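Engineer: Before anything else, here's the structure in question.
The values are calculated or read from the model by the stated rules, or taken from the named source; none is laboratory data. Just so it is clear, the model here is predicted, and its values are computed rather than measured. Cβ: placed from backbone, ideal geometry, glycine included. Neighbour counts: every protein chain shown.
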Amino acid sequence: MELLCIRQWISGLLPTWLSAWCIKPVGGALVRQEPEYILLALMGSPLKKIMLCSSEKEIFSVEEQVMVQHSVIINNMIEDGSYNHEESKIPLDCVDSKTLKKVIDYCTHHTHHHNDNQEDLEAWDAQFLNVDSNGLYDLLMAANYLEIRNLLDLIYGTIKNMIKGKKIDEIRRIFNIKDHGFTPEEEEQNRKEYPHFY
Amino acid sequence: MSMMWNNLPFDLLSNIFSFLSPDSLAIARTVCRNWHACSNSYPLIPRITNCATKCKALQPWFLALPIRNHRPCCYAHNPVTNNWHELPLEFSPVSLVKPIATIGSLILLRITNSTTLQLVLCNPFTRQFRYLPNLNMSRTNPAVGVTLSEYPKNDVLFQFPCFRIYVAGGMSEASSQGGATYNPTSEMYDSTKNNENWEIVGSMPVEFSVRLTVWTPNENVNIKEKLYWITSARAYSVMGFDISNNTWFQLGVPMAERLEFATLVRRSHENLGLVGGTCDGGGCIWELNDDGETWWLVDKVPIELGLRLLSGQRNWDSVKCVGSDGVICLYRDLGSGMVVSRRIGEKGKWEWNWVEGCGYVKGKQVHNCSIRGTLIHPTLASSVIF
């Protein structure tokens, strides 16, 4: 049966305080919940959350489901039992608050919207990665550390487009590389390596 | 903060580089010391299959090898930037070469100014090359086929190429008893074995040996465990070798008597394709059915593109064709331009386009000449095979 019908039927039977579990505000919009969430809500258990702690010691509470789906590191921590729900928080000392918030945003969106059509997802991804090269760097480091495969691939693709077809000076400017570390002789040598491509 | 991008860990950076085509990579490695060091020391594995990523696979480049040229070089076309590049091909001594097959990013070439078969493996982008050892029996004009050990995963294909080369038929030298004879044996070279030898793997009926030597000088196509060669002229027919049970067989082709040119291509890793043309029918593409005997017409060359390629010629005699997974190129010579068909997406439709020929490279005019083409996945990575 269509999820919406189930929810409407159930909400009609439930007292309002319980049916409120089935519709969850996320980022200001009302989001349809997956069937398993409905069941959990009906059973009265709240969605499991985990705590992530940024390098600036700010705590972010995220659905366990969301992070486990995307981050191999977090998934491993939870599976091997090194994370205790009651007390622990996962310290992420190399990710600052701003970046962590963005990463959580990405994972949450992709978990809740994985049934959306490809174009909408790609448009959201493009908007998500509309950041300057500093922000992109931080995201790259965070995604690499947390081992979030699809975010990494997305970032690689973006970087590829930033490099493709550009000249050396343009690339240095885009990536803010002020010191390339070559001597003038070495630069000359470099240009001779693949002369048919320069 | 601004010191970051030029200080990336190499495993990350090499992942980024694997998405770049060789011309972008050649420039990227000169951006800073860190990027230069990474591309020197880390394996560069280009992505040619879609794997688990959403990023578009890198397309193969068309490589044009001039048949007669005073300078040893070839011309590579980048399908993304639509640019031609001239690449030097330096083997010593200077020889003329003919492409036999592409193995990922390597080309297998035959030295054409030698009567007996001499093979060379080469990466035209890094300019590395290596002569293959001599055959057990020297042969003139045998048929050559290449198989990849299994449908290759990227790193296997580019760093440790696993392939086998089969050489069959050919004429052996005149023996003391009589004149030269058609060699009824086939030999195999396995890239994964350490020895520098060819292994004699089987024999075939003499008629097959004759046909392989005289009538099928062209490149072969490998689909799963079978090698296919097509005769060079009307009436076209296909010779096949089944590696799994060491047997030879023949196949007919549609319009065998009327086709003005015919080439076998690899439409996908499961399907054998035939591209051919007639002046009244235009250019057509067939695929071999699952029964392994009949052909199914799957596509036709759009009329305007066909006319543009023929450019005034009355028939398709001068047209040549090359294809690999997802790409088919029809061309005549270096400057004539090409008709290219590409498959969009994994199981998508095939899209037809025109590609301008190579008239100028970096502002200098290039003299037109006849060529043999091949499709290659370029890489700047060095291979252990050299």
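Engineer: Can you find, within the stretch B:1-20, the residue that is modelled with the lowest pLDDT among those that are over 26 Å from B:Asn78 (Cα atoms) and of a type in the set (S, T, N, Q)?
Structural biologist: B:Ser2
Engineer: Could I ask something else about it? So for the stretch A:101-113 (the condition being within 18 Å of A:Leu151 (Cα to Cα) and aliphatic (A, V, I, L, M)), does at least one residue qualify?
Structural biologist: Scanning the stretch A:101-113, I find at least one residue that is within 18 Å of A:Leu151 (Cα to Cα) and aliphatic (A, V, I, L, M), so the answer is yes.
Engineer: Can you tell me how many residues within the stretch B:21-68 are at pLDDT 70 or above and more than 15 Å from A:Asn161 (Cβ to Cβ)?
Structural biologist: Here the count works out to 25.
Engineer: Just to check your reading of the model, which residue among B:Val355, B:Val319, B:Val301, B:Val327 is under 23 Å from the mean Cα position of the chain (by Cα), crowded, with 17+ Cβ neighbours inside 10 Å and under 21 Å from B:Ile67 (Cβ atoms)?
Structural biologist: Answer to the check: B:Val319.
Engineer: Give the stretch A:175-195 a look and list any residue that's more than 40 Å from the chain's Cα centre (by Cα) and exposed (fewer than 11 other Cβ atoms within 10 Å of the Cβ), or say none.
Structural biologist: Residues satisfying the conditions are A:Pro184, A:Glu185, A:Glu188, A:Lys192.
Engineer: Based on this model, can you work out whether A:Met141 counts as more than 9 Å from every other protein chain (Cβ to nearest Cβ), surrounded by 13 or more Cβ atoms within 10 Å (Cβ to Cβ) and in a helix (DSSP H, G or I)?
Structural biologist: The answer is no for A:Met141.
Engineer: Quick check: is even one residue across the stretch B:328-336 outside the structural domain of B:Ile27 (by the TED database), closer than 23 Å to B:Thr102 by Cβ and at pLDDT below 90?
Structural biologist: No, the stretch B:328-336 contains no residue that is outside the structural domain of B:Ile27 (by the TED database), closer than 23 Å to B:Thr102 by Cβ and at pLDDT below 90.
Residue by residue, here is whether (1) within 25 Å of B:Lys224 (Cβ to Cβ); (2) of a type in the set (Val, Ile, Thr); (3) surrounded by 18 or more Cβ atoms within 10 Å (Cβ to Cβ) holds:
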| position | (1), (2), (3) |
| --- | --- |
| B:Pro99 | yes, no, yes |
| B:Ile103 | yes, yes, yes |
| B:Ile107 | yes, yes, yes |
| B:Thr112 | no, yes, no |
| B:Leu119 | yes, no, yes |
| B:Pro124 | no, no, yes |
| B:Gln128 | no, no, no |
| B:Asn136 | no, no, no |
| B:Gly145 | yes, no, yes |
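Engineer: Take the residues in the stretch A:181-198 that are assigned to a loop (DSSP other than H, G, I, E, B) and farther than 22 Å from B:Phe19 by Cα; name whichever of them is nearest to the other protein chains (Cβ to nearest Cβ).
Structural biologist: Selected residue: A:Gly181.
Matching residues to (1) within 13 Å of chain B (Cβ to nearest Cβ); (2) in a helix (DSSP H, G or I); (3) farther than 30 Å from B:Asn82 by Cβ; (4) among the charged types (D, E, K, R):
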| site | (1), (2), (3), (4) |
| --- | --- |
| A:Asn76 | no, yes, yes, no |
| A:Lys101 | no, yes, yes, yes |
| A:Ile104 | no, yes, yes, no |
| A:Leu136 | yes, yes, no, no |
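Engineer: Moving to a separate point now. Can you tell me which residues in the stretch A:147-170 are within 7 Å of chain B (Cβ to nearest Cβ) and hydrophobic (A, V, I, L, M, F, W, C)?
Structural biologist: Result: A:Ile159, A:Ile163, A:Ile168.
Engineer: Another one. Looking only at residues in the stretch B:1-17 that are within 7 Å of chain A (Cβ to nearest Cβ) and assigned to a helix (DSSP H, G or I), which one is surrounded by the fewest Cβ atoms within 10 Å (Cβ to Cβ)?
Structural biologist: Top of the filtered list is B:Leu12.
Engineer: Does B:Pro79 satisfy the criteria of being surrounded by fewer than 21 Cβ atoms within 10 Å (Cβ to Cβ), on the phi < 0 side of the Ramachandran plot, more than 10 Å from chain A (Cβ to nearest Cβ) and at pLDDT 85 or above?
Structural biologist: yes
Engineer: Are any residues in the stretch B:311-325 within 23 Å of B:Glu219 (Cα to Cα) and free of Cβ contacts under 8 Å to residues at least 60 places away in the same chain, and if so, which ones?
Structural biologist: B:Asn315, B:Trp316, B:Asp317, B:Ser318, B:Val319, B:Lys320, B:Asp325
Engineer: Among the candidates B:Thr374, B:Thr379, single out the residue that is within 14 Å of chain A (Cβ to nearest Cβ) and buried (at least 22 other Cβ atoms within 10 Å of the Cβ).
Structural biologist: B:Thr379
Engineer: Let me ask you something else. Kindly provide the set of residues from the stretch B:18-42 that are within 19 Å of B:Ser105 (Cα to Cα) and facing chain A (nearest Cβ under 9 Å), ordered by number.
Structural biologist: B:Ser18, B:Phe19, B:Leu20, B:Ser21, B:Pro22, B:Asp23, B:Ser24, B:Leu25, B:Ala26
Engineer: Can you tell me which residue in the stretch A:46-74 is farthest from A:Tyr137 (Cα to Cα), limited to those that are polar (S, T, N, Q) and part of a helix (DSSP H, G or I)?
Structural biologist: A:Gln65
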